[in-house]
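Input: a single structure, listed below in structure tokens.
Please treat every number below as a calculation from the coordinates, not as lab data. Computed from a predicted structure; not experimentally measured. In this analysis, Cβ positions are derived from the backbone assuming ideal geometry, glycine residues included, and neighbour counts consider all displayed protein chains.
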Amino acid sequence: MLTPPDDVKTDMARASGIHELRWRIECKQWRMYYCEPLRLRLKRIMLGLPFSEKTTLDLQNDDIDEAVTRYNWWAETNPG
């Protein structure tokens, strides 16, 4: 079970519109990337993207890139 996040970072510099929730679980840093497209935000829904352990900055950047790829796929397959 997840507890409330330790920290929230909105609007990632690397990917505008992608946000980050941060947890420290059992001495490990975890990140969940998400976005809130307007049509979902109006329904109080967020679009969860990758959730993974932060081990290095390079892997974190890969996770952010993956979040962008997943969001773009969602936006293309869910028009309007």
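Sort out the exposed loop trypsin sites (Lys or Arg not before Pro) in the chain (DSSP loop, at most 13 other Cβ within 10 Å) and tell me the longest stretch that has none. Answer from the scan: 45-80. If R0 is 22 Å, the Cβ-Cβ spacing of ASP65 and ARG39 corresponds to a FRET efficiency of close to 0.35.
Add -39500 (n - 2.57) for each DSSP H run of 4 or more in the chain, then divide by its residues: what number comes out at 222 nm, to the nearest 500 deg cm²/dmol?
Computed ellipticity for the chain at 222 nm equals -10000 deg cm²/dmol.
The shape of the chain can be summarised by an equivalent ellipsoid whose semi-axes, obtained from the alpha carbon gyration tensor, come to 22, 15, 10 Å from longest to shortest.
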